[in-house]
Amino acid sequence: MARRAVEEVEVRELVFEDYPLLRNLYGERGINFKILEKLFHVELTLRGNQVIMTGAPYDVELADKALTELYGLIKAGYNLYPSDVEYAGRTLLENPNTKLKEIFLDTILVTSGKKVIAPKSPTQKKYIDAIRQAEIVFGIGPAGTGKTYLAVAMAVSFLLKGEVSRLILVRPAVEAGEKLGFLPGDLVEKVNPYLRPLYDALYDMLSFDRVAKLFQRGVIEIAPLAFMRGRTLNEAFIILDEAQNTTTEQMKMFLTRIGQGSRAVITGDVTQIDLPDPKKSGLLEAMEILEGIEGIAFVYFTKQDVVRHPIVQRIIEAYERKEARRGEV
């Protein structure tokens, strides 16, 4: 009977020059090291200004790269959170050649609370680069990938730099189980619940008072898609959120509102269409007929780009498995 091959184990020592920075990398009660150990299947031991890595050679190599690059982020002034370690580790697992500095240090906006908003994955980096370069950008993918949040951050950044004169944030109001006619208030009050995620993103980036003043001056406008008909929007940054719930006619109407000096970001998740006939989604048609047109960019997110709690990625995977089984029947 053939003897089972013993898996090779490598022990590698990594020395860091700045112990306080290394302690930041270690994290509160070693939380950051625990995340990396779980992701890369290695053992990490902190001894003074040294880290001892033990595991299979390829896993140790990845852990070495992750520790070195994360240390470089901290040295460059980046405020590292455990969630950042999780995103960075997953990114390196997917593509070991990724340079984390090119992603995490690309600051989009520093919020009123001094929070730095930057991409957390290669796709997010590709997304913000597309927004900088193209007049119209489609961000398509599952929930939790930062499509809307990053679009709002870019819009605020453009506004603060004077590259646009106003922000217009738009959502279709699709009735998901409730008839709008039965809800209290006028049309604006009825559709406000649909627009809440856009308000939340704004308040996370600017102070409440500043947002209120910008609304009063008409610099920021949040409106249901129906309010866009007949308008021409110049020198504006326009975001159409939840675009999978637009009809073909609504999507065409929205895209033809864009005027001189404006740019638009359209976000959506084609697995979450609430229209009576999902095949008539304006986003699905736009994906089919606008791909390849100069000035229009499409960026596709996957579950690997989820930047909410890690459990969100597992939930998406569970639903994907169910859909796959259903397709086999």
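Residues checked against (1) over 20 Å from GLY139 (Cα atoms); (2) touching a helix residue (DSSP H, G or I) at 6+ places or on another chain (Cβ under 9 Å):
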site	(1), (2)
PRO197	no, yes
VAL211	yes, yes
ARG217	yes, no
ARG231	yes, no
ILE238	no, yes
GLU242	no, yes
Anything in segment 209-222 that is within 23 Å of the chain's Cα centre (by Cα) and either free of Cβ contacts under 8 Å to residues at least 40 places away in the same chain or part of a loop (DSSP other than H, G, I, E, B) (or both)? List them, or say none. VAL211
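Name the residue that is surrounded by the fewest Cβ atoms within 10 Å (Cβ to Cβ), counting only residues in segment 15-55 that are assigned to a loop (DSSP other than H, G, I, E, B) and among the hydrophobic types (A, V, I, L, M, F, W, C).
Restricting attention to segment 15-55, the residues satisfying the condition of being assigned to a loop (DSSP other than H, G, I, E, B) are 16-18, 27, 41-42, 48-49.
Filter once more, keeping what is among the hydrophobic types (A, V, I, L, M, F, W, C): 16, 42.
On the way: PHE16: 18, VAL42: 22.
Among those residues, the one meeting the criterion is PHE16.
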Tally, over segment 232-247, of residues that are of a type in the set (S, T, N, Q) and open to solvent by less than 40 Å² (accessible area, probe 1.4 Å): 3
Looking at segment 318-326, can you tell me whether even one residue there is more than 17 Å from SER121 (Cβ to Cβ), modelled with pLDDT of 75 or more and in a strand (DSSP E or B)? no
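Search segment 250-283 for residues being charged (D, E, K, R) and buried (at least 17 other Cβ atoms within 10 Å of the Cβ), and hand back the single one that is farthest from PRO119 (Cα to Cα).
The first filter runs over segment 250-283 and keeps only residues charged (D, E, K, R), leaving 252, 257, 263, 269, 274, 277, 279-280.
Filter once more, keeping what is buried (at least 17 other Cβ atoms within 10 Å of the Cβ): 257, 263, 269.
Details: ARG257: 29, ARG263: 20, ASP269: 19 Å.
Ranking the qualifying residues of segment 250-283, first place goes to ARG257.
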Could you please let me know if THR107 is of a type in the set (Ser, Thr, Tyr), open to solvent by less than 10 Å² (accessible area, probe 1.4 Å), outside any helix (DSSP H, G or I) and at pLDDT below 90? no
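Condition first: more than 16 Å from the chain's Cα centre (by Cα), surrounded by 21 or more Cβ atoms within 10 Å (Cβ to Cβ) and not in a loop (DSSP other than H, G, I, E, B). Can you find one or more residues in segment 116-138 that meet it?
Of segment 116-138, the ones more than 16 Å from the chain's Cα centre (by Cα) are 133-136.
Filter again for surrounded by 21 or more Cβ atoms within 10 Å (Cβ to Cβ), leaving 136.
From what is left, the residues that are not in a loop (DSSP other than H, G, I, E, B) are 136.
So far as segment 116-138 goes, yes, one or more of its residues are more than 16 Å from the chain's Cα centre (by Cα), surrounded by 21 or more Cβ atoms within 10 Å (Cβ to Cβ) and not in a loop (DSSP other than H, G, I, E, B).
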For LEU44, indicate whether it is within 19 Å of THR98 (Cα to Cα) and under 32 Å from the mean Cα position of the chain (by Cα). no
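Can you go through ALA297, ALA286 and tell me which one is within 17 Å of the chain's Cα centre (by Cα) and either in a strand (DSSP E or B) or buried (at least 22 other Cβ atoms within 10 Å of the Cβ) (or both)?
The match here is ALA297.
The values are calculated or read from the model by the stated rules, or taken from the named source; none is laboratory data. Note that the coordinates shown come from a computational prediction; the quantities given were computed from them, not determined experimentally. Cβ: placed from backbone, ideal geometry, glycine included. Neighbour counts: every protein chain shown. In case anyone asks, the SASA skips ligands and DNA or RNA and just uses the protein heavy atoms, side chains included. Shrake-Rupley method; radii C 1.70, N 1.55, O 1.52, S 1.80 Å.
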